[in-house]
1. Show me, bin by bin at 10 Å from 0, the whole-percent P(r) of the stretch 272-343 based on Cα pairs.
2. Highest mean first, how do 80-86, 326-332, 420-426 rank when packing is the count of other Cβ atoms within 10 Å averaged over residues?
3. If neighbour count is taken as other Cβ atoms inside 10 Å, put 79, 132, 459 in order from fewest to most.
4. Taking neighbour Cβ counts within 10 Å as the exposure measure, how do 64, 91 sort from fewest upward?
5. Remind me, what semi-axes does the stretch 55-125 give for its equivalent ellipsoid, largest first in whole Å, using sqrt of 5 times each Cα gyration tensor eigenvalue?
6. Mind sorting 134, 469 by how few other Cβ atoms lie within 10 Å of their own Cβ, fewest first?
7. Hey, could you pull the Cα Rg and Dmax for the stretch 328-482, both in Å?
8. Leaving out same-chain residues fewer than 8 places away, which lysines sit with a Cα under 23 Å from that of residue 390?
Amino acid sequence: MSIRWRLLISHTTMLIVTLVLFIISAMLIPVAITGDVRSIKDLYTRQYALKPLTKPEENVFLDVKYLAKKQPNQLLNETLLNQYDQKLDPVASGLIIRKGEKIVHSSKILNSIKDVKKLPSFEPENIKVRDTISINHQFFLYVKFDFYFPDQEKGSVVIMREVSPFVELSRSLFPLIFGLLFLSLILVNGLLSYFVSKSIIKPLFSLKKATEQMGEGNLNVKIDNKRQDEIGQLSDAFDKMRIKLKESIDLQLQYEESRKELISNISHDLKTPITSIKGYIEGIQDGVAVSQGKLEKYLSTIKRKAADMDQLIDDLFLFSKLDLKKLPFAFVDIDIFRYIKNFVEEINFDLEEKGIKITVENRMDNSAIVIADRDQLRRVMTNIIDNSVKHMKKPEKIINILINDEEDFVEIEVHDNGSGIEPKSLPYIFERFYRVDASRNQSTGGSGLGLAISKQIITEHGGDIWVKSQFGAGTSILFTLNKAK
């Protein structure tokens, strides 16, 4: 349940309880105040109070009492008794005439009283003429007068009015009830405040404790949360923030390690050719290259080393621009089969000199148009082909380019029958400066940036690139390009 609903229910409950207690108090106060002072005093020793008769009751009682004394037979006159009933109706009272063991007259309001034995007992002395009596779980105040009819049969006139025991009891127990109501209000308010505040404060303390631990550098602290309210949502958001912060710090540490490795690799790859160049130049200066042929060999080596350095610097510059997403792309629609066929024709002569056969197999039913940057796609193809050429050690060297048509993209596979890649190296070949040859030999490993650059370019095209390889049998580099819509 949300905090909003908890607070709403708490406040609503408090309001309802307050209103109920107010209504009860409002009912009790008039009852207590309007009661007779003497009767209130007597209620501490008696269960019910005796209320004074109302004016109609007093008048009717005096009349029937006079008739009972002087003309008892008149109390059997129904016409006269009905007149008395009408006088008693406005005050919800009724008249009962008892003769012997029978009720000879009963007002309509007292029809529920059928058993004469439940009426007050006959008392000719008329000492206890007023009291409260319970009949059929109803309470009645009564005033009576007992007499004898002319035939000496016992007679009674009883004027009765139903009263509520709650009213009488509340009058007697008003101070106690009012005190209990007041204490109940305080108790309900305290309990509601305690449980609502506990449900809010406890998880906030957990968040505070977790925040303090995170401030001390502990990002592994986990917040146990099973709530679905706003506090639960806050805890979930806080935990997600903790996880992202931990991932960010871990990534930062990883970047720092990568930066150190990058600097180490660049230093190694630049220092090696520079050292060679310095050695050959010193050899020339010291007169080691005494013949024209040896001099040309030294100069040729220096030129090649300088070219390797220049290529490495270009690759670094290109990879840096790709990594920072600052390399502009000129995307156009390209007929992919014609583009790859023209590319293969351009490089075929150089590959034939190295004894490498290259083929293109179009597996598409129709020519497909893709969206690509011509120059950057050429760089991808060149890097993949160069990588294949460097690992060709078999007598028969073959490179196959396969073009497969998919629903929304074209898949291009460059397969060679070279030495293949060990399984442990497969996950890392697209990482910068990674070389299968740990010695970092330029003749077999290159700069280590070719496939990393290819991955960046294909990613910018919105495609994927991956590798399949069987060690000793060959390698396939596959990538996808989106079709033009």
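No lab work stands behind these numbers, since they all come straight from the coordinates. None of the values given here were measured: they were computed from a predicted structure. Neighbour counts are summed over all protein chains in view; Cβ atoms, including those assigned to glycine, are modelled from backbone coordinates with ideal geometry.
1. Computed distribution, short to long bins: 17, 26, 22, 18, 15, 4.
2. Put in order of decreasing packing, that is 80-86, 420-426, 326-332.
3. Lowest to highest Cβ neighbour count: 79, 459, 132.
4. Exposure proxy ranking, most exposed first: 91, 64.
5. Calculated on Cα positions only, the semi-axes equal 18, 16, 12 Å.
6. Listing 134, 469 from fewest to most nearby Cβ atoms yields 134, 469.
7. 15.0, 46
8. 271, 303, 305, 341, 354, 357, 424, 455, 468
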